[in-house]
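A.B. asks: Structure below; questions to follow.
The values are calculated or read from the model by the stated rules, or taken from the named source; none is laboratory data. Small disclaimer: the values here were computed from a predicted structure and weren't measured. Neighbour counts run over all protein chains shown; Cβ positions are idealised from the backbone, glycine included. The protein model used for the area step is the full one, side chains on, heavy atoms only, and it has no ligands, DNA or RNA in it. Shrake-Rupley method; radii C 1.70, N 1.55, O 1.52, S 1.80 Å.
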Amino acid sequence: MKPFSDILHQAEQRKGGKAALKRLLPPVPPKSMLLNLPDDRFLSMMTKVINQAGFRWSVVEKKWPQFEAAFLGFNIMKLSFLSPEQWESYMIDTRIVRHWQKISAVRENVAFVYDESRKHGGFAKLIGEWPADDQVGLMLYLKKHGSRLGGQTGPRFLRYVGMDAFMLTGDVVLAMQNAGLDIADSPSSQRDLKKAQALMNEWHQQSGLPYTHISKIAAFSAGINYDES
C-alpha cells in the first residue's frame with residue numbers, strides 16, 4: 001500500500017508546493033466546540049445537507065434564514081408538538097424547498113435527535129464521543145437511525161457540525177485506489193467502507209494529520225487538478 005507521504009508529495013506538486021497546499025486546508029474546530037453545540041444546531045445542519053442533496057446549494061443557502069424561521073429555529077420540543085396537518089402545511093410554505101420527502105425527513109430527524117439526546121445527555125455527545133477511528137460506524141448509525149443521512153449526506157453533516165471527518169468523494173476514492181486499495185468507485189458496502197476506514201486510520205497514524213486534512217490532501221492528489229485560486 002502506498003504510504004501517505006507519497007500522497008502528500010503528489011498533492012504538493014499539483015497545488016504548487018507545501019505552502020500553497022497548506023493554504024487550501026480548512027481549519028479543524030476543537031472538539032470542545034462540537035461538544036457545546038445544542039441539539040437544534042444538529043437538526044438544522046441535518047436539514048441543510050439533506051436539502052442540498054440533489055438541489056442547487058446556492059438556492060438553499062440563500063433561503064436558509066427562511067428555513068430557520070419556518071422550522072421554528074429547529075427547536076426540538078416545539079417541532080415535536082406539531083400536528084400531522086401542520087407538517088403537511090409545509091408543502092405550501094414558500095420559505096422552504098417544498099419537497100415532501102425532505103420535509104418528512106425533518107419530522108423524522110426531530111424524533112431521532114430527541115431520542116439520542118435523551119440517551120446520551122445531548123446529541124453532541126453521540127457525535128463528539130464516537131471513536132475517531134470508527135467514523136464509518138457512525139455513518140452507518142446515522143443512516144440506520146436517522147432519515148436521509150446515507151451516502152455523502154452523513155459525512156457532509158459530520159464535517160459541517162465540526163467533526164474531524166473524511167469524505168469519500170470520487171477523488172478521495174481514486175487516491176485510495178491509486179494507493180492500492182481494492183474498493184468500488186462508489187463504496188457503499190460495509191466491506192468497502194471498513195477498508196476505506198482502515199486506510200484512513202493508517203494514513204492518520206503515519207502523518208499525525210486530522211482526518212479532514214487527510215481527506216482533502218487525498219482529493220488534491222488525484223482526479224482533475226482544479227484551479228483553487
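A.B. asks: So I have (1) 6, 24, 25, 20, 15, 8, 2, 0; (2) 7, 31, 32, 21, 8, 1; (3) 7, 29, 36, 23, 5, 0, and one of them is P(r) over Cα pairs in 10 Å bins from 0, in percent calculated from this model. Which one is it?
C.D. replies: Correct label, based on the coordinates given: (2).
A.B. asks: May I ask you to list the aspartates and glutamates whose Cα is less than 18 Å away from that of Lys102, ignoring any residue fewer than eight positions away on the same chain?
C.D. replies: Asp40, Glu61, Glu68, Glu85, Glu88, Asp93
A.B. asks: With loop defined by DSSP as not H, G, I, E or B, and exposure as at most 11 other Cβ atoms within 10 Å, which is the longest segment of the chain clear of exposed chymotrypsin sites (Phe, Trp or Tyr not before Pro)?
C.D. replies: The segment 82-225 is the longest one with no such site.
A.B. asks: Give a residue-ordered list of calculated ³J(HN,Hα) values for the stretch 186-203 (Karplus: 6.51 cos²θ - 1.76 cosθ + 1.60, θ = phi - 60°; whole Hz; x for Gly, Pro).
C.D. replies: 10, x, 9, 6, 4, 4, 5, 5, 5, 5, 5, 4, 4, 5, 4, 5, 5, 5
A.B. asks: Please check: in the Gaussian network model of the chain (C-alpha springs, under 10 Å), which one of Met46, Met91, Met200 has the largest mean-square fluctuation.
C.D. replies: Result: Met91 has the largest fluctuation of those listed.
A.B. asks: Would you kindly derive the ³J(HN,Hα) couplings of the stretch 121-128 from the backbone phi angles with the Karplus curve 6.51 cos²θ - 1.76 cosθ + 1.60 (θ = phi - 60°), listing them in order in whole Hz, with x for Gly and Pro?
C.D. replies: Residue by residue, the stretch 121-128 yields x, x, 4, 4, 6, 4, 6, x Hz.
A.B. asks: Under a plain spin-label model, where a point goes 7 Å from the Cα along Cα-to-Cβ, how far apart in nm are Met77 and Ser104?
C.D. replies: Calculated label separation equals 3.0 nm.
A.B. asks: Can you give me the accessible area per residue for the stretch 16-67, using a 1.4 Å probe, in Å²?
C.D. replies: Solvent-accessible surface per residue comes out at 59 Å².
A.B. asks: Ignoring ligands, DNA and RNA, what percent of the 1.4 Å accessible area of the chain is carbon and sulfur?
C.D. replies: 53
A.B. asks: For n ≥ 4 DSSP H runs only, could you compute -39500 (n - 2.57) per run for the chain, divide by its residues and tell me the 222 nm figure to the nearest 500?
C.D. replies: When only DSSP H runs of four or more count, the value is -18500 deg cm²/dmol.
A.B. asks: Give the calculated FRET efficiency between Asp93 and Tyr160 to the nearest 0.05, with a Förster radius of 30 Å applied to their Cβ-Cβ distance.
C.D. replies: Taking R0 as 30 Å, the efficiency between Asp93 and Tyr160 is 0.80.
A.B. asks: Here are some pairs, Lys31/Lys78; Lys18/Lys194; Lys78/Lys144; Lys31/Lys125; which of them have Cα atoms lying more than 20 Å apart in this structure?
C.D. replies: Lys31/Lys78; Lys18/Lys194; Lys78/Lys144
A.B. asks: Apply the Karplus curve 6.51 cos²θ - 1.76 cosθ + 1.60, θ = phi - 60°, to the phi angles in the stretch 149-155 and return the couplings in whole Hz, x for Gly and Pro.
C.D. replies: After applying 6.51 cos²θ - 1.76 cosθ + 1.60, I find 10, x, x, 7, 5, x, x Hz.
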